[in-house]
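S.K.: What follows is a structure written as C-alpha cells; I'll ask about it next.
The values are calculated or read from the model by the stated rules, or taken from the named source; none is laboratory data. Only a predicted model underlies this, so the values are computations on that prediction, with no experimental measurement involved. Here the Cβ positions follow ideal geometry from the backbone for every residue, glycine too, while neighbour counts run over all protein chains shown. Areas reflect the complete protein model, heavy atoms only, side chains present, ligands, DNA and RNA absent. Shrake-Rupley method; radii C 1.70, N 1.55, O 1.52, S 1.80 Å.
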Amino acid sequence: QVQLVESGGGSVQPGGSLRLSCTVSTMVFEMYTMDWYRQAPGKQRERVATITNYYTTDYTDSAKGRFTISRDNAKNTVFLQMDSLEPEDTAVYYCATNLGGHLYWGQGTQVTVSS
C-alpha cells in the first residue's frame, strides 16, 4: 500500500511563499509521475502541477511562473515551491500519483493566503 504524506502548509500574506513537501512510501519512487492538486472551498479539486519520472514538468495556467514542482528521488519526496501567493491560492493541497489507473492521495495540507 502506497502512502503519501504532505507537509509544509500554513498561513501566509499575499505575495508570500510556501514550500510543500510530499513523501511517498515506496521502493520505486523514481519511477512515479507525481502530481499536486488543490481544492478550494466549494470548488472541484484541480491539478496544479506534474513532474514525471524524467523530470518533465507541467503546470496549470494559474501556477505557471509562480509555482515550481521538483523532486528528490533519494528522499522519496516531491516538492511544490509556491511564490507570489494570492488569496485565490487558498485551498487544501494534495499530492497524488496514478498507479495502474488508481489515484493514490495524501491527506492534504491547508494553505491559507490572507492579509
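S.K.: To the nearest 10 Å², what's S115's accessible area with a 1.4 Å probe?
M.R.: 130 Å²
S.K.: Looking at S17, V28, T52, which one has the Cα that reaches farthest to the positive end of the dipole of the chain (charges on Cβ: Lys, Arg +1; Asp, Glu -1)?
M.R.: V28
S.K.: Roll a 1.4 Å probe over the protein heavy atoms and report the accessible area of C95 in Å², nearest 10.
M.R.: So the heavy atoms of C95 present about 0 Å² to solvent.
S.K.: A follow-up question, please. Between D83 and A40, what is the spin-label point distance in nm, taking each point 7 Å from the Cα along the Cα→C-beta axis?
M.R.: 2.2 nm
S.K.: Could you check how much of the accessible area of the chain is carbon and sulfur, as a whole percent, using a 1.4 Å probe?
M.R.: 48 percent
S.K.: Now, a different point. I need the trypsin sites (Lys or Arg not before Pro) found in segment 36-115, filtered to DSSP loop residues with at most 11 other beta carbons within 10 Å of theirs.
M.R.: K43, K64
S.K.: Considering only DSSP beta bridges where both residues belong to the chain, give the percentage that are antiparallel (nearest 5).
M.R.: Numbers: 37 of 40 bridges.
Just about 90 percent of them are antiparallel.
S.K.: Now for a different question. Treating only the Cβ atoms of Lys and Arg (+1) and Asp and Glu (-1) as charged, compute the dipole magnitude of the chain about its Cα centre; round to the nearest 20 debye. Provide the component values of the computation, followed by the final result.
M.R.: Values: 9 positive and 11 negative charges, 24 e Å.
That gives the chain a dipole magnitude of about 120 debye.
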